Amino acid sequence: MFSFKKNKRERILPKHIAIIMDGNGRWAKKRSLPRSAGHIAGAKTFKNIARYCNKIGLEYLTVYAFSTENWKRPKEEVENIMNLLRDYLKDAENFKDENIKVKFIGNLEPLAEDIKELIKKDEDGSKDATGLNLNIAINYGGRDEITNAVKKIVAEGISQSEITEQTISDRLYTKGQPDPDFIIRPSGEYRLSNYLIWQSAYAEYWFSDVLWPDFKPKHLEKAIDDYNNRNRRFGGV
Ligand code: IPE
Ligand code: IPE
Ligand code: MG
């Protein structure tokens, strides 16, 4: 009796994938549901995809959950999103057993006190995890992040001649982390919407018409396959 083991498909996994979780509202509209139902469905997809990324051994995943511009939305929608964040944070025990290290990036200052406490608890509780590093971007804006970095540089009294690109990178929320190699945006929009604008200077981009609540591991697999066909030159030949 012979048994042949199938060779595992050789592929390069990006070190850091960043996802713009977009299309919740349109997903709900298509089903004649309130936008909040789209956000609930999107939150489920988020957990599913984060678990999947951890399972396949991804090192870093950064998800865009709420931008500095999203405060422009109707008060009720902002409240719905904040309540979903609360629910997620209260339920964060789930991820703990999965060895996922959670970090929140963005200007957390304007968030409600209880949310800030829950965030701290979640980060502290998962700080020793050695699996996926999961960054959740809340009240995040790339320009806001760079503006804050500049303020810190000035406040620290760093002189002009000392400033390098690293000086700036070290003052971003993603300090110490590798830049994203691969940015995924579902929902048919072809823009960054102020996401990781410094960090993604040399990232590869992948767009899809799938709305975020419909996004499945198979879509991520397709994206990673496509990533493997990219030729990253970084300005070289
Ligand atoms: C993404 O889905 C969630 C957030 C921005 C908070 P949207 O709510 O932007 O969904 P669309 O783009 O309106 O479909
Ligand atoms: C980007 O989506 C922000 C998040 C997914 C959290 P938006 O829906 O806010 O972006 P725009 O308005 O289409 O650019
Ligand atoms: Mg949107």
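Would you look at the GNM of the chain, springs on alpha carbons closer than 10 Å, and say which of Leu196, Leu61, Leu33 moves the most?
Sorting by GNM fluctuation, first place goes to Leu33.
State in Å² the accessible area per residue of the chain; use a 1.4 Å probe, count heavy atoms of protein chains only, and round to the nearest integer.
Ligands and nucleic acids excluded, the result is 57 Å² per residue.
To the nearest 20 Debye, how big is the dipole of the chain about its Cα centre, given +1 on the beta carbon of each Lys and Arg and -1 on that of each Asp and Glu? If you can, show how the numbers build up before the last one.
Numbers: 40 positive and 35 negative charges, 203 e Å.
In debye, rounded to 20, the chain gives about 980.
Explain nothing, just the number: relative contact order of the chain, from Cα pairs under 8 Å at least 6 residues apart, as a whole percent. Before the final figure, lay out the partial values.
On the way: 340 pairs, mean separation 65.1, N = 237.
27 percent.
Counting only other residues whose beta carbon sits under 10 Å from that of Leu196, what net charge do I get with K and R as +1, D and E as -1? Before the final figure, lay out the partial values.
Numbers: positive: none; negative: Glu145, Asp179.
So the surrounding residues net to -2.
Of the heavy-atom accessible surface of segment 1-139 (probe 1.4 angstrom), what whole percent is carbon and sulfur? Mind showing how you got there, number by number?
Values: 4200 of 8170 Å².
Accessible surface attributable to carbon and sulfur in segment 1-139 totals 51 percent.
Leaving out ligands, DNA and RNA but keeping every protein chain, what accessible area does Lys90 have, in Å² rounded to the nearest 10, with a 1.4 Å probe?
Lys90 exposes around 130 Å² with every protein chain in place.
Leaving out ligands, DNA and RNA, and with a 1.4 Å probe, what % of the accessible surface on segment 149-237 is carbon or sulfur?
Numbers: 2540 of 5010 Å².
That fraction is 51 percent.
Rounded to a whole number of µm²/s, how large is the Stokes-Einstein D of segment 43-158 at 25 °C and 0.890 mPa s, given Rh as the Kirkwood radius over C-alpha pairs?
On the way: Rh = 15.2 Å.
The estimated diffusion coefficient comes to 161 µm²/s.
If amide H atoms are built 1.01 Å from N in the plane of the peptide, which residues on other chains or at least 5 residues away come under 5 Å of the amide H of Tyr205?
Ile183
Would you list which aspartates and glutamates come within 14 Å of Lys151, measuring only between C-alpha atoms, while excluding same-chain residues fewer than 8 positions from it?
By straight Cα distance, Lys151 reaches Asp170.
Of all beta bridges DSSP finds with both residues in the chain, what is the antiparallel percent, to the nearest 5? Please report the intermediate quantities before stating the final value.
Details: 0 of 23 bridges.
Antiparallel bridges: around 0 percent, rounded to the nearest 5.
Taking the C-alpha atoms of segment 118-237, how large are the radius of gyration and the largest Cα-Cα span, Dmax, in Å?
Answer for segment 118-237, Rg first and Dmax second: 17.1, 49 Å.
Compute the relative contact order of segment 78-127 as a whole-number percentage, counting only Cα pairs closer than 8 Å that sit 6 or more residues apart in sequence.
Values: 25 pairs, mean separation 24.4, N = 50.
Here the relative contact order equals 49 percent.
For Lys103, enumerate residues with amide H under 5 Å from its amide H, sequence gap 5+ or separate chain, H modeled in the peptide plane.
Leu134, Asn135, Ile136
Taking Rh as the Kirkwood radius computed over C-alpha pairs, what is the Stokes-Einstein D of the chain at 4 °C in a medium of viscosity 1.567 mPa s, expressed in µm² per second? Mind showing how you got there, number by number?
Numbers: Rh = 19.1 Å.
It diffuses with D of about 68 µm²/s by this estimate.
Karplus couplings for segment 15-32 from phi (6.51 cos²θ - 1.76 cosθ + 1.60, θ = phi - 60°), rounded to Hz, Gly and Pro as x?
So the J values, rounded to whole Hz, are 6, 9, 9, 10, 10, 9, 7, 10, x, 4, x, 5, 4, 5, 4, 4, 9, 6.
Between Thr164 and Lys121, with labels modelled 7 Å along Cα→Cβ, what's the label distance in nm to one decimal, could you check?
Distance between label points: 4.2 nm.
The values are calculated or read from the model by the stated rules, or taken from the named source; none is laboratory data. These numbers were taken from a predicted model, which means no experiment stands behind them. Every residue, glycine among them, receives a Cβ derived from its backbone with ideal geometry; neighbour counts consider all protein chains shown. For the accessible areas, the whole protein counts, side chains as well, though only heavy atoms, and no ligand, DNA or RNA atoms are used. Shrake-Rupley method; radii C 1.70, N 1.55, O 1.52, S 1.80 Å.
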